[in-house]
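Working notes, beginning with the structure itself.
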Amino acid sequence: MRTTALSVIALLAAFASAAPGGLPISDYLYLLHLCENGGPNAYVGVRYQGINNYRTFNFGECYPYKIDENLAEQAVFCKTVTCYNNPNPDCTGGAVPPVPVPVPVGTTLLNAADFVQLIGQGATCQSDGLS
């Protein structure tokens, strides 16, 4: 019986140590709270390369995947949005692809190997009214 209880505790601890997407729970919660405390129009908390390099972005604001040569490494969405990727870091040049991308609340994105640069250089997102 003791072994079973310890196994359950170990399993719960393993699940509790990671958030959606494999992000450590402390990083996930920090970005989630940063976003939630960013005001009524903030929809995402982003961690860029570097020490204490965190930002939030509001609906309609350009969310670049790189700022001052620092790549976005992690993002947590605190609101459901619809986004368009753009070919330029200032979100000009039209959407690529020209299809809106729905992003549900709670989504966690990890930018492993700079994959977001393959789909564009930045995004603009709008509320879809579901969060």
Please compute the net charge surrounding residue 52, taking Lys and Arg as +1 and Asp and Glu as -1 over other residues with Cβ under 15 Å from its Cβ.
-1
For q = 0.17, 0.23 Å⁻¹, what log10 I(q)/I(0) does segment 30-73 give under the Debye formula with an equal point scatterer on each alpha carbon and no solvent?
-0.43, -0.75
DSSP-assigned coil residues among GluC sites (Glu not before Pro) in segment 40-107, each with at most 10 further Cβ atoms within 10 Å:
69
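None of the figures in this text is laboratory data; all of them are computed from the coordinates on show. Quantities reported herein were computed from a predicted structural model and do not represent experimental measurements. Note that we place each Cβ from the backbone using ideal geometry, even for glycine, and neighbour counts take in every protein chain shown.
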